[in-house]
Amino acid sequence: MSEANTSETAAVSIHHLSKSFDDVEVLRDVELEVKTGEVVTIIGSSGSGKSTLLRCINWLEKPDRGSIHIAGQRIGVHEDGRPMPVRELAKVRAQTGMVFQGFNLWPHLNVLHNVTEAPIHVQGKSKREAEELATALLEKVGMSQKHDSYPNTLSGGQKQRVAIARALAMQPEVMLFDEPTSALDPELVGEVLAVIKDLSAEGYTMVMVTHEMAFARAVSDQVVFLEKGLIIERADPETFFTTPKTDRVRKFLENHDTPSSA
Amino acid sequence: MNASAWHMLLEGAWTTVWISAVSIAIGVVAGLVIALIRLARIPIVDQLLVLYTSVARATPLVTLALFIFLSAPDLGLDLNRSVAGILALTLNTTAFNAEIWRSAFRNFSREQSEAAMATGMTPWVTFRRIMLPQMVITSLPGLVNEMSFLIKGSPAIAVIGIVDLTRVTNRISAVTYEPLPPILVAGVLYMAIIGCLVWLQRLAERRANRLAM
C-alpha cells in the first residue's frame with residue numbers, strides 16, 4: 001500500500017504536531033498514525049505531554065503547528081490554513097469519542113439521557129432511536145439496571161462505564177481514553193478495563209493514555225512512549241515491554257513493575 | 001373591614017403580584033443576556049454594562065421609579081404608571097440577576113463543557129443543553145432570593161401612583177379610620193406570596209442536593 005493510501009484509510013493521522021504552553025514545549029513534531037481497528041497506547045511519565053497529545057486529536061487543545069486528520073478529515077483548521085467554523089469543527093469532533101479521567105458525566109441528566117443527549121441533539125436522531133441505541137450500549141457496558149439513576153448515585157467504575165457508553169453512542173471513528181482508570185479505587189479498575197478490552201476485541205479503533213502496563217500490553221497493537229513531548233520509542237507491545245531500545249524506557253518499565261507476561 | 005375593603009385589598013395584591021411577576025420574568029432573562037454579553041468582554045459595551053449594574057444596584061427603588069416616571073415626558077415617552085413601575089423594578093432586579101448569572105458562569109466547570117464539545121455539540125447546543133440547565137439549578141436559590149427582595153421592595157412604585165398592596169391599605173384606612181386591620185391583612189398576603197417563593201426555593205435546593213451539584 002502506498003503512503004498516500006495508508007493516510008487516507010487511517011482513523012487518525014498526526015503530522016508534525018507541536019504545542020507549547022507559554023515557554024514549555026509539551027509536544028515536539030509528533031508523528032502518529034492509527035489505522036482503523038488498531039489500539040494505540042500512549043505511555044510516559046506525568047508531564048510528558050501524553051494527555052495533551054490525546055486532547056489535540058479532538059481539538060480540545062489547539063496545537064501550534066502540524067495537522068491532524070480523523071478518517072481523512074482535517075480537524076480544527078482547513079487545509080489552506082483558514083480556521084474551521086465551530087459548526088464544522090463540531091462535526092469532525094463527533095467522529096471521535098472521548099472518555100475522561102474524571103468521567104465528566106452530566107449531573108442533571110440520568111444515565112439513559114447522558115447517553116442519548118448527543119445522538120438526539122447533535123445527530124438529530126429521534127428519541128426512540130436514540131434510546132434503543134443507548135439501551136444496547138448500556139447493556140454492553142453492564143449498566144442496564146441503572147437507566148434512571150443519576151450520576152452522583154453511581155460508583156466511579158459505574159460512572160466511567162456510562163461515560164464509555166456515552167462516547168460510543170455517537171458511533172465514532174476512534175475512541176480516545178484519557179487515563180480512564182486513574183481516578184478509580186483499585187478494586188473498581190478491573191470492571192472498566194474489562195469493558196475497554198471487550199471493545200478492542202470488537203475491533204474498535206482506540207487511542208489510550210494509561211498507566212496500566214499489563215493492560216496496555218494485553219490490548220495494544222502499538223505502544224508509543226512519550227518523553228518531554230517527543231516520541232522516543234514506538235513498537236508492538238511484545239517488543240516494547242520485553243526488549244525496549246532506550247535506557248529511558250527500560251528505567252520507566254522497571255519503576256512500573258510490569259509483569260513478565262500479560 | 002367591609003366587603004369593598006377586602007375587594008380593594010385583593011386588587012392591590014393582584015397589582016403587586018402581576019407587576020412583580022412581569023419584572024421578575026424580564027429581569028431573570030435580561031440578567032442572563034447581560035451576563036452572556038459580559039462574557040464576550042466587548043470593549044465599551046462591557047464598561048457600559050458595568051456602569052449600569054453599579055448604578056442600578058446603588059439606586060433606591062423609590063428614586064429610580066420617580067426618575068423614570070418624571071423624566072419620561074422630557075424624553076418624549078408616554079409611559080403609563082404600570083409601565084414605568086415595571087421598568088423601575090426590572091432595571092433594579094436585572095442588575096442583581098446579572099451578577100448571579102455571571103457567578104454561575106464563572107463557577108461552571110470546564111470539564112462539563114469539554115465533555116459536551118467532545119461529543120460533537122456546538123457551543124450553542126452545549127450552552128442550551130448542558131450549561132444552562134445546571135446553571136439554573138445552582139442559581140435558583142440566589143435568583144429566588146432576589147425575587148423576594150423585589151416583591152418586598154415593590155411598594156416603592158406607589159410613589160408614582162400605582163395602588164399596590166401597601167398603598168391600598170392607606171386608601172382603606174382613609175375611609176374607615178382603622179389603619180390596623182388592612183395593614184395586617186396586607187402583611188399576611190405578602191407572607192403568602194413570599195411563602196410560595198420560599199417553597200419553590202426549597203424544592204430547588206432539594207433538587208440541587210439530590211444531584212450533588
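For B:ALA40, the shell of other residues with beta-carbons less than 15 Å away shows a net charge of +3, using +1 for Lys and Arg and -1 for Asp and Glu. Of the trypsin sites (Lys or Arg not before Pro) in the range B:168-208, not one is in a loop by DSSP (not H, G, I, E or B) with at most 14 other beta carbons within 10 Å. In chain B, inverting the average of 1/r over every pair of distinct C-alpha atoms gives 19.2 Å as the Kirkwood radius. Only lysine pairs 8 or more places apart, or on different chains, with alpha-carbon atoms under 13 angstrom apart are counted in chain A, and they number 6. Computing FRET efficiency as 1/(1 + (r/R0)^6) for B:ALA21 and A:SER155, where r is the C-beta to C-beta distance and R0 is 56 Å, gives about 0.80.
Radius of gyration over Kirkwood radius for the range A:103-232, both on Cα atoms: the Rg/Rh ratio is 0.99. Pairs of Cα atoms in the range A:15-166 fall into 5 Å distance bins, from 0 up to the last occupied one, in shares of 2, 8, 15, 17, 17, 16, 13, 9, 4, 1, 0 percent.
Around the amide H of A:TRP59, modelled in the peptide plane, lies no amide H under 5 Å away from a residue 5 or more places distant or on another chain. Over the protein assembly as shown, dividing the summed -39,500 (n - 2.57) contributions of all DSSP H runs of at least 4 residues by the number of residues returns a 222 nm mean residue ellipticity of -18000 deg cm²/dmol. Dipole magnitude for the range A:159-262: computed about the Cα centre from +1 point charges on Lys and Arg Cβ and -1 point charges on Asp and Glu Cβ, it is near 200 debye. The residue among A:SER182, A:LEU226, B:ALA116 whose Cα reaches farthest toward the positive pole of the charge dipole of the protein assembly as shown, with charges on the beta-carbon of Lys, Arg, Asp and Glu, is B:ALA116.
Extension gain for the segment B:ALA3 to B:VAL62, taken as residue separation times 0.36 nm less the Cα-Cα distance, is 18.1 nm to one decimal. When the Cα positions of B:ALA56, A:PHE100, B:ALA156 are compared along the charge dipole of the protein assembly as shown, B:ALA156 comes out farthest toward the positive end, with charges on each C-beta of Lys, Arg, Asp and Glu.
The percentage of C-alpha pairs in the range A:137-208 whose separation is greater than 14 Å is 58%.
When +1 charges are put on Lys and Arg Cβ atoms and -1 charges on Asp and Glu Cβ atoms, the dipole computed for the range B:1-108 relative to its Cα centre reaches about 400 debye.
Calculated on the Cα set of the protein assembly as shown, radius of gyration then Dmax: 29.9, 102 Å. When the trypsin sites (Lys or Arg not before Pro) in the range B:3-80 are filtered for DSSP coil states and for at most 12 other beta-carbon atoms within 10 Å of their beta-carbon, the remaining sites are B:ARG41. Hull volume per residue, based on the alpha-carbon atoms of chain A and their convex hull, is 141 Å³. For A:PHE100, neighbours were defined as the other residues whose beta-carbon sits under 9 Å from its Cβ, and their charges (Lys and Arg +1, Asp and Glu -1) total -4. With R₀ set to 60 Å, the beta-carbon distance separating A:GLN171 from B:LYS152 gives a calculated FRET efficiency near 0.65.
Mean projection of the alpha-carbon convex hull of the range B:55-108 over all orientations, in nm²?
4.2
Placing unit charges on the Cβ atoms of the charged side chains and taking the dipole of chain A about its Cα centre, the candidate lying farthest along the positive direction among A:MET84, A:GLY142, A:SER48 is A:MET84.
Legend: helices of chain B (whole DSSP H runs) are marked when their alpha-carbon atoms reach 30 angstrom or more along the helix axis and their mean Kyte-Doolittle hydropathy is at least -0.5; marked are B:3-39, B:81-107, B:180-210.
Remark: the protein assembly as shown carries a charge dipole of roughly 1400 debye about the Cα centre, counting +1 on each Lys and Arg Cβ and -1 on each Asp and Glu Cβ.
We did not get these values from a lab; they are worked out from the coordinates using the rules stated. Values in this document were obtained by computation on a predicted structure and should not be read as measured data. A quick note on method: Cβ atoms are made from the backbone with ideal geometry, for glycine too, and the neighbour counts reach across all protein chains shown.
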